[in-house]
1. Evaluate segment 210-222: report whether one residue or more is at pLDDT 95 or above and among the hydroxyl-bearing types (Ser, Thr, Tyr).
2. Can you pull out the residues in segment 194-216 that are assigned to a helix (DSSP H, G or I) and either in contact (Cβ under 8 Å) with a residue 60 or more places away in the chain or among the polar types (S, T, N, Q) (or both)?
3. From the list 135, 85, which residue is in contact with a His (Cβ under 6 Å, 6 or more places away or on another chain) and not assigned by TED's automatic domain parsing to the domain that holds residue 200?
4. How many of the residues making up segment 108-133 are surrounded by fewer than 21 Cβ atoms within 10 Å (Cβ to Cβ), without any contact (Cβ under 8 Å) to a residue 40 or more places away in the chain and part of a loop (DSSP other than H, G, I, E, B)?
5. Tell me which residues, restricted to segment 236-260, are more than 17 Å from the chain's Cα centre (by Cα) and among the small types (Gly, Ala, Ser).
6. Name the pairs whose Cβ atoms lie under 7 Å apart, with the first residue in segment 39-50 and at pLDDT 95 or above, the second of a type in the set (Gly, Ala, Ser), and 6 or more positions between them or separate chains?
7. What single numbered condition from (1) assigned to a strand (DSSP E or B); (2) farther than 25 Å from residue 191 by Cβ fails to hold for residue 136?
8. Check segment 16-24 and report whether any residue there is out of contact with any strand residue (DSSP E or B) (no Cβ under 6 Å at 6 or more places or on another chain) and at pLDDT 50 or above.
Amino acid sequence: MLRRPVRAFPALIALLVPALGAAAVPASAARLDNLPPPLTANLHRMLSAPPSAWRSPSAEVYRWDLFPDVLVVDSASFAVQDRMFTRLAYFLEKRGFRGRLLGNAALAGRHGWNAHDYGAAGLADFFNAAAAVSFPLNPEEIALRRLALREGILVTARGAYAAGRGAILGISRSSSHVERELLLTHESFHGVFFSSAAYREFCQALWDSLPPELASFYERFLDSLGYDITAPTLVVNEFQAYLMQQPLRYAESYFGRFLRLTEGAAGPGSAPVQPWQLLRNAEVLDGYCRARFGFGAGGQLLESLGSQSQ
């Protein structure tokens, strides 16, 4: 049975985007030099498998049964996850940092996200940039690159890395069980976005149809969370994931809370955004996903768990 209050959904902002001053990764934490081949599993199994059953004490790797080109790395701690993904987060997503390779010293005291998602093209860009300047990679980043190459998410072409197909998502055992449900639900929609060209095109078309005041609202929302909103594909990807991370019955209250927090930020003369507009966009995406993939807003995890609590 689902043991989750409604207020857990607005709290997902804090879960995904921790403060920049979070604790630094302990230098003494055990290094992860290799990742095992992925085990095919559904999202429920990924969350429920005990770490004692893992093939590596630092992380386990899964292949999503519904989208086989989407892998999930479940890390034993934020320390392992940060060394694997945080520099990718800053290079690909963070406002004020995107496109920059940052050494570990520059990131001391910073924590990227509590969960991660990187498509094939972004992984290729990061590892090509690092190779071009002989940027020293963490052992965990090397293990991630090796996994991506082995599974065809990255390929090599003319001495460089190129995008293959799919994506790698990351969650951590440092999060609570309820947090992990929320985080993996959000990240799973990024996996769908990276895996399905048709879904990407549908999301882009929906974004392009938004009235200016609504697009501006979503951009302010993402900017407040630290995303670089000058990256168009990143904006569309996060737009759909935040709409789809919770069952539809929670979407309006989730974004309504944010609307109240940002009231007046759009500037004088701007048309006010209403919660029902945000719900309508979630309904459009929900209908597409149900028809094409068999699950809607809330995904495999929260949607099915929510139905048990009714």
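1. No: segment 210-222 contains no residue that is at pLDDT 95 or above and among the hydroxyl-bearing types (Ser, Thr, Tyr).
2. 194, 195, 198, 199, 202, 203, 204, 206, 213, 214, 216
3. 85
4. Residues that pass the stated criteria total 1.
5. 251, 253, 256
6. Final answer for the pair search is 43/188.
7. (1)
8. Looking through segment 16-24, at least one residue is out of contact with any strand residue (DSSP E or B) (no Cβ under 6 Å at 6 or more places or on another chain) and at pLDDT 50 or above.
The values are calculated or read from the model by the stated rules, or taken from the named source; none is laboratory data. Quick caveat, the model's predicted, so the values are computed rather than measured. Neighbour counts run over all protein chains shown; Cβ positions are idealised from the backbone, glycine included.
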